[in-house]
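The values are calculated or read from the model by the stated rules, or taken from the named source; none is laboratory data. Since this is a predicted model, take the numbers as computed values, not measurements. Backbone-built Cβ (ideal geometry, glycine too); neighbour counts: all protein chains shown.
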Amino acid sequence: MTTTDLHLRFKSLIRSLGFERDWYLIIIGAGIGTLTAFGALGFAWLLHEVEKLTEHARHDLPLWLLPVIPMVGALISAVLVWRFASEAKGHGVPQVLKALIQRNGTIQPRVGIVKVFASIATVGSGGSAGTEGPIVQIGATAGSVLAHRLNIPREHVRTLVGCGAAAGIASIFNAPIAGVFFVLEILLRDFSIRVFTPIVIASVFSAATTHSFRGENEAIFFARELLSGYQFTLWELPSYLVLGIVCGLSAVLFNWMLHAGEDLFERVKLHPVVKPVLGALLLGALGLAYLAIPGVGTSGNTPPFFGNGYETIRHLLDPSAYLATDGGNAGPTGSPVPTAFVLLAALVVLKSLATTFTLGSGGSGGVFAPSLFLGAVAGSAFGVALDAAGLLPDGASPASYALVGMAAVVAGSTHAPLTAILILFELTRDEYVLLPIMLAAVIATVVSQLINRDSVYTFKLRREGVLVGAARDLTILRRLAVRDVEPEPMPAEPVYASDPVAKLIALHATYHVPDFPVVDQAGGYMGMVTGGDMRTALIDREAIPLLLVAELMRTDIPVVHADDSLDTVMNKFATHDVTSLCLVRTQNDGTAKPLGLITRGRVLSRYHAALEDS
């Protein structure tokens, strides 16, 4: 076979994959992955340094001053968010989703920068939050900024934003496979090969860069050696099935508390800078109440639900934590089994409250680490209860239930079981419990979806009227904009509110347009007269000479702009039940100048053409 034949075959393969014209996305994805890895390394290092400082400060301060440190961190975070980027508050992923849906992935650079320091101030000072939200927003911002700097075509911007988000997850959690599926399953909801390939490249380059600079490739919660003697048996299937239900309910409780807390803090009439400080004060009070419980077994002045909770998770994944000093059984707190079970069950509620106080009040961080913590605690409590009832088989430990619970609560809260399964495998590198992880994650997702259709990421978006969707057709509509649709031309003669309705009848006979935009004397858009309203007026023909356009004009019909995505346009059509919407261009003086009509039929034709192309 000659070199020419190989070249032709390679071109044919590339063409079949859809990369004949956009192959460069692979190279850009690699660049985004490398760039995001450096950002993630810097973020992780700075967060670690702040955590060390605050840990020393907690030991030096009197116990009653425990709330002070998270309050200082909340104040710093709140000032940054209020002054520079309001999108940086909360847990990050919903903001990225909203940017992908409504703005085609356009994210301002300041959002990523503010998110870095606001999250470090929140989590580093003890706020109950994680790093997945910040790193997703940081990586997504990098992908968005680079895409716009390089003038990447509009239809590829979302892919590059996904590259940055996947690279962030791959670097901060050392989980490149889960990073890919996090983006495909949660953010883009698009598994097509032309989207999949650049995101995989970005994730791989990010993980490889991180390994090179850290000089290691270790899992965050390495559990293979701890649970190496464990073997999953058929008799444990019912136990893991029930665990999936328990974790699904725990995820629903967590989601409900978080969103109820957000609603409550929004109703509180305080300055935006004060609310996160109030949340930190409540967090500190909760910590003091916990430390006042006799025999809780916590070290120093740090409640386990402060920060990301990784040390507590590592403790719960260690089977030796469940053995008493006399060789018998005990809870992971060192207490007798009944007491340990109560404390673990209480931690599920306390961690949910702590995260609600931190993020619901406007703090900055992610919900992934709290979900892992809740899963580990709920799973551990369930395993301790099984052990007390004599239902654990020989060689089994509540630690395996803690590990499986982590995946189940993540799946239940995010409604993304595939991502939960993969990320738990990469976080622990433990293949011994992969089967129960798969079972419990799917069960938890089903339970959560039966109770609440929205995940922790989509609840607020749906209430704001942002359609998240899950289907391929919605993905195509989001990739297309109004500028991709040929508008219906308007009559050359403008229609004014003072014109007689008879003029519209004459124009319709000449131009055959369905609806008529009405303008003022300066040519600015005022409203619309629809064909349906004209037909209603024609019922009483004798009144036509007496009617003016102003009497039929509707001002409640929204307009569209060239950059609006087609899913947004279809939502407007469905809401207002009209045949066409007016395409306008906003002038420098704020006037909306009509350019044409975007009809429902032309939008559907463009969608059908894009569906065939894909």
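A few notes on this one:
- Output for the stretch 426-446, where each listed residue is modelled with pLDDT under 85, assigned to a helix (DSSP H, G or I) and closer than 15 Å to Gly405 by Cβ: Leu427, Thr428, Val433, Leu434
- Unique match (being within 29 Å of Phe117 (Cα to Cα), of a type outside the set (A, V, I, L, M) and crowded, with 24+ Cβ neighbours inside 10 Å) among Phe382, Phe357: Phe357
- Subset of the stretch 481-512 (residues that are closer than 28 Å to Tyr607 by Cα, in contact with a helix residue (DSSP H, G or I) (Cβ under 8 Å, 6 or more places away or on another chain), assigned to a loop (DSSP other than H, G, I, E, B) and free of Cβ contacts under 8 Å to residues at least 40 places away in the same chain): Pro491
- Restricting Ile113, Ile120 to residues that are out of contact with any Asp or Glu (no Cβ under 7 Å at 6 or more places or on another chain) and surrounded by fewer than 24 Cβ atoms within 10 Å (Cβ to Cβ) narrows the list to Ile113.
- Checking each residue of the stretch 367-389 against the condition of being assigned by TED's automatic domain parsing to the domain that holds Val277 and part of a loop (DSSP other than H, G, I, E, B) gives at least one match.
- Residue satisfying all of: in the stretch 135-157; farther than 17 Å from Gly92 by Cβ and of a type outside the set (A, V, I, L, M, F, W, C); surrounded by the fewest Cβ atoms within 10 Å (Cβ to Cβ) among these: Asn151
- For the stretch 590-601, the condition holds for no residue, the condition being that it is at pLDDT below 90, under 27 Å from the mean Cα position of the chain (by Cα) and not small (Gly, Ala, Ser).
Residue-wise test of (1) over 20 Å from Val367 (Cα atoms); (2) in contact (Cβ under 8 Å) with a residue 40 or more places away in the chain; (3) of a type outside the set (S, T, N, Q); (4) assigned by TED's automatic domain parsing to the domain that holds Phe182.
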{"residue": "Leu25", "(1), (2), (3), (4)": "yes, yes, yes, yes"}
{"residue": "Ile28", "(1), (2), (3), (4)": "yes, yes, yes, yes"}
{"residue": "His48", "(1), (2), (3), (4)": "no, no, yes, yes"}
{"residue": "Thr54", "(1), (2), (3), (4)": "yes, yes, no, yes"}
{"residue": "Trp82", "(1), (2), (3), (4)": "yes, yes, yes, yes"}
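- Residue within the stretch 361-372 that is closer than 16 Å to Gly287 by Cα and not β-branched (Val, Ile, Thr) present: yes
- Pairs linking a residue in the stretch 387-406 that is closer than 16 Å to Val246 by Cβ to a residue that is not in a helix (DSSP H, G or I), with Cβ atoms under 7 Å and 6 or more positions apart or on different chains, are Asp387/Asn329; Ser400/Leu227; Ser400/Tyr230; Ala402/Leu317; Leu403/Ala223; Leu403/Leu317; Leu403/Asp430.
- Test result for Ala550, over 46 Å from the mean Cα position of the chain (by Cα), assigned by TED's automatic domain parsing to the domain that holds Leu595 and surrounded by fewer than 16 Cβ atoms within 10 Å (Cβ to Cβ): no
- Matching residues, the stretch 60-74, being more than 16 Å from Val50 (Cα to Cα) and part of a helix (DSSP H, G or I): Leu63, Trp64, Leu65
- Filtered residues of the stretch 555-568 (kept if surrounded by 15 or more Cβ atoms within 10 Å (Cβ to Cβ), more than 23 Å from the chain's Cα centre (by Cα) and not hydrophobic (A, V, I, L, M, F, W, C)): Pro558, His561
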